[in-house]
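The block underneath contains the structure these notes are about, expressed in structure tokens.
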Amino acid sequence: MKHRPSTVFALEGSRPFAEQVAARLEGPLAPHEERAFEDGEHKARPLQGVRGHDVFVIHSLHGDDMHSANDKLCRLLFFCGALKDAGAHTVTAVTPYLCYARKDRRTKANDPITTRYVAQLFEAVGIDRVIAMEVHNLAAFENAFRCPTLHVEFAPLLAAHFAPLLRDQPVVAISPDAGGAKREEQFRLELQRLLKRDVGSAFVEKYRSGGVVTGELLAGDVRGKVAIIVDDLVSTGGTLTKAARAARAAGATKVFAAAAHGLFIGGAADLLAEPAIESIVIANTVPAFRVPMPVAAQRLVVLDVSAAIANAITEARDGA
């Protein structure tokens, strides 16, 4: 079976990570132009023909010093729309970090369901498929999009990182809230498979209202065990800090924190200085540009997930 030609682009702000993905795919990134106008508007266009191609656009939708998440979302949408207008057979948005994935349900009267609105924007410009890594709520992500989605799991990579470090130490996986129990369970089972022995399970209660996080009760046995707290992202770090302190207070011998996406906003400096945590493991879906280099070298472990994203692109391309 002969495949259609495929082309991979990367928009501004995501190129370093995308170059790692392209190296895994053994092909260069395609050329394109991005131009900003004086009033803040912009345009982007491919600089090579894409008619009949299966096109993949890599763009991690986190805010940074150059562009907000909203800016990046608009740039991705407009560029993908231009690709469809240029005759691309399929366009796949590859979003290692997908913005607005946390607001996936109503928790107060008249709340927006922003994840669904973002999905409708993707569909409106003709995007055929979405690839994302470790979204906040997998079921909500899959239900929001009518186009096909491919979710890249962080748990196998995380388990492969921790398994050689644990040896024969008793270990427990912790979800920092009840909502993340499925993510913690996936990691726990994968780690258990690699270690070939039981791995415990626990979770910490959490309530959020008006941006304030409360709740400190830990359910599960952590005494005398190495505790690994697993979440989808680190924002201010308050959730992980509370969970780590609860685990220490309950007798955990060591506490590690892990999350796919390290945003490190606002109070995250307190997390990085938190003595209850040995180290924090993140993926390179979001550059840790907000963390000073000396602190990052001492406290952060960054896992390269470019191979996992490349594999997802290959899978999508072969099934297109």
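The values are calculated or read from the model by the stated rules, or taken from the named source; none is laboratory data. Since we're looking at a predicted model, the values are computed, not measured. Positions of Cβ are generated from backbone atoms using ideal geometry, with glycine treated the same way; all protein chains shown enter the neighbour counts.
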Selection from the stretch 118-133 of residues more than 27 Å from L158 (Cβ to Cβ) and in contact with a Lys or Arg (Cβ under 9 Å, 6 or more places away or on another chain) yields Q120, E123, V125, G126, I127, D128
Filter the stretch 66-106 for residues that are without any contact (Cβ under 8 Å) to a residue 12 or more places away in the chain and assigned to a loop (DSSP other than H, G, I, E, B); the one that is surrounded by the most Cβ atoms within 10 Å (Cβ to Cβ) is S68
Residues of the stretch 165-181 being among the hydrophobic types (A, V, I, L, M, F, W, C), within 15 Å of S201 (Cβ to Cβ) and touching a residue at least 40 places away in the same chain (Cβ under 8 Å), in sequence order, are V171, V172, A173, I174
Problem - Verdict on A44 being in the same structural domain as I313 (by TED's automatic domain parsing) and either under 22 Å from the mean Cα position of the chain (by Cα) or in a helix (DSSP H, G or I) (or both) - result: no
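Hey, could you check the stretch 278-302 for residues that are part of a strand (DSSP E or B) and not β-branched (V, I, T) and say which is modelled with the lowest pLDDT?
L300
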A109 fails exactly one of (1) under 15 Å from the mean Cα position of the chain (by Cα); (2) over 23 Å from S235 (Cα atoms); (3) aliphatic (A, V, I, L, M), namely (1)
Reported set for the stretch 303-315 where residues are assigned to a helix (DSSP H, G or I) and touching a helix residue (DSSP H, G or I) at 6+ places or on another chain (Cβ under 6 Å) is S306, A307, I309, A310
* To do: Scan the stretch 44-56 and give yes if some residue there is of a type in the set (A, V, I, L, M), modelled with pLDDT under 95 and farther than 20 Å from A124 by Cα, otherwise no.
  => no
In the set A244, A297, A268, the lone residue that is of a type outside the set (D, E), in the same structural domain as E185 (by TED's automatic domain parsing), free of Cβ contacts under 8 Å to residues at least 24 places away in the same chain and out of contact with any helix residue (DSSP H, G or I) (no Cβ under 7 Å at 6 or more places or on another chain) is A297
Flagged in the stretch 37-62 as among the hydrophobic types (A, V, I, L, M, F, W, C), farther than 26 Å from A283 by Cα and surrounded by 15 or more Cβ atoms within 10 Å (Cβ to Cβ), in numbering order, are A44, V50
